[in-house]
Amino acid sequence: MYHKVDIRSPTMWWVDVSSFYRQMCFLKDRNVVYLDDYDPNDPSHVVITFDGIYSNVLLFAAPILSKFRYPFELFVSYDLIGAENEFDLVEPPTRFASNKELAELLVKGGRLQWHTRTHPMLSQCHLDRTWGAVEDELSVPEELRDADPSGLKWFAYPYGEFSDDVYEAVKERFAGAVSCSQGNDMDIHKLNRITVTNSSKLQSKSICAIIVSHNYGRFLSEAVESVLQQTILPDRILIMDDASEDETCAIGKRYADLYPELIAYARNEQNLGIVGTFNAAVQLTSSEFVCFLGADNRLSANYIELCIVTLLDGKASIAYTDFRLFGTNAQDEYFKHEADRRGRIIDEQFYEIVFPEFRKGSMLTGSFMHGSSMYSRAAFDQVGGYLPRREGRPEDANLFRRMINAGHAAQKVAGAWLEYRQHSVDQANIVSRTQGELAFYRAYARRLEFKVKALEASFGLLSPVVRIASLLEKAAFEFIVRVVRIWRRRFR
Amino acid sequence: MAMMPKRRQSKLQIDSFYSKDDPWGYFTNEHDYRRREIIVSELRKYNLIRALDIGCGNGFVSEGIPAKNVVAVDISDAAIEEARRRSGSASIDYRRASLFELPSLDLGSFDCILITGVIYEQYIGKSLPLIYQLVDELLAPGGVLACVHIDEWSLARFPYALIKTTRYKYRQYTHLLEVYRK
């Protein structure tokens, strides 16, 4: 149950827009329904309700509800339509929605329901006045029914309270009713409601972003800031320092001091490398979802939101995006990717690399998704975490391949939402790709040698012509390798 | 370090501020002429057809936006009245609206959006995700977003490629111009 959604929350009855947005994201794994469709026995069912209705719901909540295509219920106090909340002395001034604004809310997926005419405490109303006054509060004007023929079957008890006779009267008039204080989960005429505040967590699963630095202190704050600017903040940020000898330690500790509830800093006293550091970092967290970010890279502000929304329904264990290369070596690196992986070039500064859509049984060769993909901790634990690099197979791709082979699915999020700095020929992805090419050439050489041996075996004594042809093929291959090496030395 | 106002500024307060002409003194301050030249010369690099100026105030910068068609909005009625009075251009459509009211105007999409001095805590509180969403609904794919704010108070980092940042001296502050490509 919400009352007001606005850019600030001066009291507990106001939820700020950022908190509301986060709460709506975290309902993505639930089945958001109208009250008419609500099944109290189905734990996936959720109904979003507003009381009032205040005009700020149209301005600040409705665009977000429309984005997520969530239906919502609007419990209207009829005499307050279009009025100021002057009677509410403890609340900051605000206005109730007008009839026109209510109509706009209906277009955006709202449904009108009844919350009395004047919002009285109904049992007290009975004592102070007559039973007729209670009946009057429960009667819905025809013009409001005309405004929403699908609605006004449900009732919300003002202040959540009711007496037995009020309950019976509501039962006679409405298909169901909700209460924020006297409800339960079984009786359709007094269903329980949750009063949502800024701090309400509508999702039990948590996210950890791990930023790893080995002497990338000069870029670290950019990476951390990119995580702090997320539309959905992770529950925890771990800055993992792999025995850096630069400013990583000072910067990491500073961030941990600044955000003690959010950011932790951990350091390996000895350099453990990628596998050791990544596995140690995951062991330091307890979140259900994890994503790594190299300290030299950056996340777009919507990265965590898009990934977690993709993973919440449990159909996939890995969420990945395309990425944008940037930095001094970005263009070179871009053209080293296969043509079908090259995406948009943005103002000759950003170079998008496109990953294929994941399909079950598809070839999982090379880097088929990037190392900052968000994944489920359970899948990580199941396959035993990162393993030492095999030539040409990056540790992250190897981890994801093993997860997929263990039956986990991956889901691509459309768009390039990771910014991947290209600044040094020593950085991990370039070393990895070079090793990959080396592995390819070695495999090719082995294939040639095998071919020669096979020919020798089949002919017994190899005929001079075949031997010369094989040797020529091998020499040609070695010549190509030499040319490639010289070319690399010159142009890198 | 200059302190940013923390208190929410209401539309009434902003209107009251704009009750006299050019309350910020844009038309008499060389810093503002320089600011306008920096923004406009940056936007000239793009072939703009349709631009939206959010937080246009009295139209000081809007008049120089190099697009065939400009829609300029501000939360203040008084500021928009002044902008219309001063405007010499028929290609600028001045409208009164806050950033959050933009969806109700049904403006269509733009290949350029300029946001000047709007994304400050006192104006937007805690609403950045919604601002990103609303701007994204208005900015065409490949479009240019230019944000101009006092560097220390700047809050937003839009989820687009940040293709250029320029900092320059502005009155007692440092201004930050960020140009993004969607």
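The values are calculated or read from the model by the stated rules, or taken from the named source; none is laboratory data. Just so it is clear, the model here is predicted, and its values are computed rather than measured. FYI the Cβ positions are ideal-geometry reconstructions off the backbone, even for glycines, and counts take in every protein chain you see. Note: areas computed on protein heavy atoms with side chains; ligands, DNA, RNA excluded. Shrake-Rupley method; radii C 1.70, N 1.55, O 1.52, S 1.80 Å.
Within region B:86-103, restricting attention to residues that are part of a helix (DSSP H, G or I) and more than 8 Å from every other protein chain (Cβ to nearest Cβ), the residue that is farthest from A:Gln229 (Cα to Cα) is B:Arg86.
Listed here are the residues, each with its yes/no results for (1) among the hydrophobic types (A, V, I, L, M, F, W, C); (2) in contact (Cβ under 8 Å) with a residue 24 or more places away in the chain.
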{"position": "A:Thr49", "(1), (2)": "no, yes"}
{"position": "A:Gly82", "(1), (2)": "no, no"}
{"position": "A:Thr118", "(1), (2)": "no, yes"}
{"position": "A:Trp131", "(1), (2)": "yes, yes"}
{"position": "A:Glu137", "(1), (2)": "no, no"}
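Please find, among A:Met374, A:Met369, A:Met363, the residue that is buried (at least 20 other Cβ atoms within 10 Å of the Cβ), away from chain B (no Cβ under 14 Å) and modelled with pLDDT under 95. Criteria check complete, one pass: A:Met369. In region A:319-343, of all residues being under 21 Å from A:Tyr303 (Cα atoms) and without any contact (Cβ under 8 Å) to a residue 40 or more places away in the chain, the one that is least open to solvent (accessible area, probe 1.4 Å) corresponds to A:Arg341.
Rundown of residues vs (1) within 24 Å of A:Ala410 (Cα to Cα); (2) within 14 Å of another protein chain (Cβ to nearest Cβ), yes/no style:
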residue: A:Cys208; (1), (2): yes, no
residue: A:Tyr255; (1), (2): no, no
residue: A:Glu269; (1), (2): no, no
residue: A:Val275; (1), (2): yes, no
residue: A:Ala295; (1), (2): no, no
residue: A:Tyr303; (1), (2): yes, yes
residue: A:Leu312; (1), (2): yes, no
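Residue count for region B:62-98, restricted to those that are open to solvent by less than 10 Å² (accessible area, probe 1.4 Å) and farther than 21 Å from B:Leu48 by Cα: 6. Scan region A:141-150 for residues that are closer than 22 Å to A:Val33 by Cβ and either in contact (Cβ under 8 Å) with a residue 24 or more places away in the chain or crowded, with 18+ Cβ neighbours inside 10 Å (or both) and report the count. So the answer is 3. Listed by position, the strands (runs of 3 or more DSSP E) enclosed by region A:1-103 that each have at least 2 residues that are open to solvent by less than 20 Å² (accessible area, probe 1.4 Å) and away from chain B (no Cβ under 14 Å) are A:49-52, A:72-76. Taken over region A:111-137, the criterion of being among the aliphatic types (A, V, I, L, M), open to solvent by less than 60 Å² (accessible area, probe 1.4 Å) and farther than 24 Å from A:Pro71 by Cα is satisfied by A:Leu122, A:Ala133, A:Val134. The residues of region B:130-149 that are within 10 Å of chain A (Cβ to nearest Cβ), within 23 Å of B:Ile38 (Cα to Cα) and over 14 Å from the mean Cα position of the chain (by Cα) amount to a single one, B:Gly142. When B:Leu102 is tested against the conditions (1) within 15 Å of the chain's Cα centre (by Cα); (2) surrounded by fewer than 19 Cβ atoms within 10 Å (Cβ to Cβ), the lone failure is (2). Of everything in region A:243-270, what is over 19 Å from A:Val282 (Cα atoms), part of a helix (DSSP H, G or I) and within 25 Å of the chain's Cα centre (by Cα)? Give them in sequence order. Matches in region A:243-270: A:Tyr255, A:Leu258. Scanning region A:192-220 for residues being polar (S, T, N, Q), open to solvent by less than 50 Å² (accessible area, probe 1.4 Å) and not in a loop (DSSP other than H, G, I, E, B) gives a total of 1. A:Ser226: among the hydroxyl-bearing types (Ser, Thr, Tyr), assigned to a helix (DSSP H, G or I) and either free of Cβ contacts under 8 Å to residues at least 60 places away in the same chain or open to solvent by less than 10 Å² (accessible area, probe 1.4 Å) (or both), yes or no? Here the answer is yes, as A:Ser226 does meet what is asked. Every test in (1) among the acidic types (Asp, Glu); (2) away from chain B (no Cβ under 14 Å); (3) out of contact with any strand residue (DSSP E or B) (no Cβ under 6 Å at 6 or more places or on another chain) is passed by A:Glu333 save one, and that test is (3).
In region A:44-55, is there at least one residue being among the acidic types (Asp, Glu) and out of contact with any Lys or Arg (no Cβ under 7 Å at 6 or more places or on another chain)? The answer is yes, given that some residue of region A:44-55 is among the acidic types (Asp, Glu) and out of contact with any Lys or Arg (no Cβ under 7 Å at 6 or more places or on another chain).
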